[in-house]
Structures are given as C-alpha cells and as structure tokens.
Amino acid sequence: MAKRLYFIPKSSYQGLILEKTVYFPEIRGDRDHSMKKTMETMHHVIRAKESGGQILEVSPYGGPEGKACTPWLLKLKTQDGKFHPVAALYEAAKVFEHGGPYEDLKEKRAEEILGDPRLRQSGKLMGFHFEDEAFTTTPRHKFFDYLYIRALKERADLHEALLKAEIITDVTYQMSSMYLSPARSVSYFISLYQKGLLEKVLSSSEEFDKMYTLTFP
C-alpha cells in the first residue's frame, strides 16, 4: 500500500491546517504514467474519505495553478531585485557548522544546486540566514513555509484558484524521506489569507514563529 499526507486549510482551527494520512493501492511502472495514476487513485480515495471537496495538486502532475506552486517554479523577489526559485533560496540560506550560507547557489540551476558538495560536506545544519534575519530549524519546515508563503502572497494571479481549494495534495511527497511539503505551505497560506494574518506573520521571523502556536495578541 502507498501512503501520502494531505492537508486541509482550516482557518477556524487553532492549528490553521489539518494534516491527514491516506492509504491506497501502490501503482508501479513508468514514472510519469505511474505518478499520474497514483495521483488519480489518491484523489479518488481522499474524496471518498472526505465526502468530496475541491483538490489542488501541488506538483508537476497537477493543473496549471498546482504546477506554478512547485518549489523550482514558484519564485520570490529578494532584496537584490531579482526573482529566485523558492527551492534555490532555501538551499542558499542554509547555515552549517562549518560554512554557509552559500548565497551564490541562488543564481545556479537546480541540478547544480542539488549537486553542490558544500551542502553535504559542511557539517550539521544549524539554521538559516536570509535577508538579515536568522531562522531556526524548529519546526523543520518553518523556513521553507516562510519562503513559500511570502512568494505566494505576491502571486495575486494564483489567489483565486488557491482560495477555492479545500484539500491540498502532493503525490511526489515521500513521508519516509522528506519533511518539506509544498502542499503544507500552500495550506498555511490559504488559512492565513482567510484570517487576514499574512502581513503580520511575514513582518519578522519572530512573528512568523507565532503562526505555529497562534499566540498573536
């Protein structure tokens, strides 16, 4: 059996999102074909479990809006006035025991970034440094969420489609080896937008921390 996480934005819920697990028959074969069939099967099982709901698939196998929200396509304008992929900014901001951040990475292609030996040879990941602010690694997905939510805030062209979504999925997300989930980040964005908290949580890393405990005054 295959297993995936899926997320339900819920602005009225204290945690802002619901994180759930779905099990369904595993499909093998050619990667593109099997991923598409896996996505279809996963969505069918989720709809049965949740009694319907509009699903947004955030992966290369989703629709136009879902593809636009993937980490190598979604871009954020930084202080240098340039637009960089969220995934590149995440890697470039890493601070290790023996090096980093390696800001030159944000200018490179995906394959160059992922193959850069510094990301594997600089010791333990200690945190992130981005635009004069430090970010901790607790929770592990916090800085990734921050970049995603900030980038999505500027993509007004996607907001209508995102706000219609009731369930967010990512068929490529492997629970056993990954903790960064674009689907989770998109779900947080939707709930924060609905609660009118986007500006507040993005005002500083300290304010962003409060998103996970909802301790806003």
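Annotations
- The chain - percent of accessible surface contributed by carbon and sulfur, probe 1.4 Å: 49
- With contributions of -39500 (n - 2.57) from each DSSP H run of at least four residues, the per-residue ellipticity at 222 nm computed over the chain stands at -11000 deg cm²/dmol.
- Heavy-atom surface of the chain, accessible at 1.4 Å and reported per residue (Å²): 50
- Sites E40 and K20 - FRET efficiency at Förster radius 25 Å, r taken between beta-carbons, to 0.05: 0.85
- Multiplying the residue separation of E160 and D104 by 0.36 nm and removing their Cα-Cα distance gives an extension gain of 16.7 nm.
- Whether segment 156-217 is rounded, prolate or oblate, judged on the alpha carbon gyration tensor where a/c under 1.5 counts as rounded: oblate
- Viscosity 1.567 mPa s, temperature 4 °C, Stokes-Einstein D of the chain from Kirkwood C-alpha radius, µm²/s: 72
- In range of the label at Y212: residues from segment 106-143 whose backbone nitrogen is under 13 Å from the point 7 Å along Cα→Cβ: 127-128, 135-143
The values are calculated or read from the model by the stated rules, or taken from the named source; none is laboratory data. The structure displayed is predicted, hence computed values, not measured ones. Note: ideal-geometry Cβ built from the backbone for every residue, glycine included; neighbour counts use all protein chains shown. To get the accessible areas, we keep the full protein, side chains included, count just its heavy atoms, and leave off ligands, DNA and RNA. Shrake-Rupley method; radii C 1.70, N 1.55, O 1.52, S 1.80 Å.
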